[in-house]
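Written below as structure tokens is the structure these notes are about.
The values are calculated or read from the model by the stated rules, or taken from the named source; none is laboratory data. Note that the structure is a prediction, hence the values are computed from the model and not measured. As a convention, Cβ positions derive from the backbone with ideal geometry for all residues, glycine included, and neighbour counts pool all protein chains shown. Each accessible area value is taken on the protein alone, full model and side chains, heavy atoms only, with ligands, DNA and RNA left out. Shrake-Rupley method; radii C 1.70, N 1.55, O 1.52, S 1.80 Å.
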Amino acid sequence: MQYIVGIIFGFLLSLTSCEQHRNNNTAGYTIDWNDNSLVCIAESGGYPRIHRLGNGLLMVTYEDRRGNVVVKQSSDEGATWSEPVIVFTRFEYQNEKNNTSCTVNIANPEFISLPDNSIALAVNFRPNKPEVYPFSIALKRSVDEGKTWLDEQVVYKAAPRFNDGCWEPSFLLLPDGTLQLYFANEYPYLHSDEQEISMFTSDNYGVTWSDIATTVCFRAGHRDGMPVPVLNGDEILVAIEDNVSGQFKPYIVQTSVANPWESPVSADSPKRYSALETPLPDTVYAGAPYFIRTENGMFVMSYQTTRNRTSNWELSTMEVVVSDSPADFKNPTYPFNVPLSKEAKWSALADLGNGEIAAVSSTNFNSDKIGVWMIKGKIIQKK
């Protein structure tokens, strides 16, 4: 009898997790996802990022699973997409000093459309062998709205090994035209497993960059990671993943636009706080945050989580929360109905205007292959 009850309970849990409680009953704001807007942008791919260009088109970038980073554009609000254009191609590197070689794969793409209609796209160089080529943050610019791309710049080099690398670049444009480039950085901590968030600045839309990185935040003994910045009036807010509880959780660190990151945001700083209104259990993973502020002042955050799933973070799913202030995020919804045996990870959000947002993720929710999918949703207020 206990065995039969266990089977029934497991079946019901699977159904519940698959549907993911797409809207709950807590007052505030939530998102109504439109299943009719589901689009497969790429049958195979990962780590997508999407933004609107100055000409009104949508552009997405992602890893093509072959070591390259590509872009596609859409002229019909994401219903259809152009053929992929390779921006960064994986390459072979020969280290003549020690006669070693490796393949350098390209990962973690992110881009920004700038006021002069140029585009800056940053990536993470990842060598497949240690002690040959340094993990790096590199960048390319386009001055013709993504049709062609200028030569690459390597903005930062970390160590030539996975445990002391650099990761996950992202951009923010300040009101005075300063462009900031954020990334996760292990390199300052060669003798520990610690990690900080670092930042470079450019006063010419990414043509040149500051010589020295600024430390944005650091929690001693832990790993601040995956920064995504937004502007909120006279302050800068950066969503990060913070593993103070053991498993990563979404946190926010903040500073002023006038004097950004005068000192690093430490563990006990009032400028560091948990993003969620109700804390998740310590055993629940909720990492890889993404963060946007919409044109009408709403804040939307996503992350990948094991909440109501198995303990395997590899099988986590995209969860999205909303707030009318940059705190107390609640009312989680799930853009993609992901079975417990599947995943939706390394996701991102974009503001489409008029209260509509797009969610993109690398997921196999309805396929055997992990591809890039997009869905649209409307921000709504719950009574």
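Would you confirm, using the coordinates I've provided, whether Asp324 is open to solvent by 40 Å² or more (accessible area, probe 1.4 Å) and under 20 Å from Asp32 (Cβ atoms)?
Spelling it out, Asp324 is indeed open to solvent by 40 Å² or more (accessible area, probe 1.4 Å) and under 20 Å from Asp32 (Cβ atoms).
From the list Ser198, Ser202, pick out the single residue that is of a type in the set (Ser, Thr, Tyr), out of contact with any Cys (no Cβ under 8 Å at 6 or more places or on another chain) and open to solvent by less than 40 Å² (accessible area, probe 1.4 Å).
Just one listed residue meets the conditions, Ser202.
Please list, ordered by first then second residue, the pairs with beta carbon atoms under 8 Å, 6 or more apart or interchain, first in segment 54-81 and basic (Lys, Arg), second open to solvent by 60 Å² or more (accessible area, probe 1.4 Å).
What qualifies is Arg66/Arg90; Lys72/Glu83; Lys72/Pro84.
Being in contact (Cβ under 8 Å) with a residue 60 or more places away in the chain and either among the charged types (D, E, K, R) or assigned to a loop (DSSP other than H, G, I, E, B) (or both) is the filter here; which residues of segment 223-272 pass it?
Result: Glu241, Val257, Pro260, Trp261, Pro264.
Can you work out which of the residues in segment 133-150 that are without any contact (Cβ under 8 Å) to a residue 24 or more places away in the chain and not charged (D, E, K, R) is surrounded by the most Cβ atoms within 10 Å (Cβ to Cβ)?
Result: Leu150.
Among the residues of segment 111-132 satisfying the criterion of being assigned to a strand (DSSP E or B) and open to solvent by 10 Å² or more (accessible area, probe 1.4 Å), which is farthest from Ala184 (Cα to Cα)?
Top of the filtered list is Ser113.
Conditions tested, residue by residue: (1) of a type in the set (Gly, Ala, Ser); (2) in a loop (DSSP other than H, G, I, E, B); (3) without any contact (Cβ under 8 Å) to a residue 40 or more places away in the chain.
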{"residue": "Val300", "(1), (2), (3)": "no, no, no"}
{"residue": "Ser311", "(1), (2), (3)": "yes, yes, yes"}
{"residue": "Ser325", "(1), (2), (3)": "yes, yes, yes"}
{"residue": "Asn331", "(1), (2), (3)": "no, no, no"}
{"residue": "Lys345", "(1), (2), (3)": "no, no, no"}
{"residue": "Leu352", "(1), (2), (3)": "no, no, no"}
{"residue": "Lys369", "(1), (2), (3)": "no, yes, no"}
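For segment 82-92, indicate whether the set of residues that are aliphatic (A, V, I, L, M), over 23 Å from Phe365 (Cα atoms), open to solvent by 50 Å² or more (accessible area, probe 1.4 Å) and out of contact with any His (no Cβ under 7 Å at 6 or more places or on another chain) is non-empty.
Looking through segment 82-92, at least one residue is aliphatic (A, V, I, L, M), over 23 Å from Phe365 (Cα atoms), open to solvent by 50 Å² or more (accessible area, probe 1.4 Å) and out of contact with any His (no Cβ under 7 Å at 6 or more places or on another chain).
Looking at the structure I just gave you, is Asn24 at pLDDT 95 or above, more than 21 Å from Ser113 (Cα to Cα) and not β-branched (Val, Ile, Thr)?
No; evaluated as a whole, the condition is false for this residue.
Give the residue that is most open to solvent (accessible area, probe 1.4 Å), with candidates limited to residues of segment 151-177 that are over 30 Å from Lys97 (Cα atoms) and part of a strand (DSSP E or B).
Selected residue: Leu173.
So which of Lys342, Lys382 ends up being basic (Lys, Arg), over 30 Å from Thr255 (Cα atoms), surrounded by fewer than 19 Cβ atoms within 10 Å (Cβ to Cβ) and modelled with pLDDT under 95?
After ruling out the rest, the residue left standing is Lys382.
All but one of (1) open to solvent by 10 Å² or more (accessible area, probe 1.4 Å); (2) in a loop (DSSP other than H, G, I, E, B); (3) more than 28 Å from Tyr133 (Cα to Cα) hold for Gly78; state the number of the condition that does not hold.
Of the numbered conditions (1) open to solvent by 10 Å² or more (accessible area, probe 1.4 Å); (2) in a loop (DSSP other than H, G, I, E, B); (3) more than 28 Å from Tyr133 (Cα to Cα), the odd one out for Gly78 is (1).
Considering each of Thr214, Thr283, Thr278 in turn, give the residue that is under 28 Å from Arg141 (Cβ atoms), open to solvent by 10 Å² or more (accessible area, probe 1.4 Å) and not small (Gly, Ala, Ser).
Thr214
Residues in segment 296-307: is at least one touching a Leu at 6+ places or on another chain (Cβ under 7 Å), open to solvent by 20 Å² or more (accessible area, probe 1.4 Å) and more than 22 Å from Arg219 (Cβ to Cβ)?
yes
Within the set of pairs 6+ apart or on separate chains, which have a first residue in segment 92-113 that is within 19 Å of Met226 (Cα to Cα) and touching a residue at least 40 places away in the same chain (Cβ under 8 Å), a second that is part of a strand (DSSP E or B) and of a type in the set (Lys, Arg), and C-beta atoms under 8 Å apart?
Qualifying pairs under 8 Å: Ile106/Arg126; Ala107/Arg126; Pro109/Arg49; Glu110/Arg49; Phe111/Arg49.
Sort out which residues of segment 64-74 are in contact with a Gly (Cβ under 8 Å, 6 or more places away or on another chain) and either part of a loop (DSSP other than H, G, I, E, B) or over 30 Å from Glu92 (Cβ atoms) (or both), and write them in order of number.
The answer is Asp64, Arg65.
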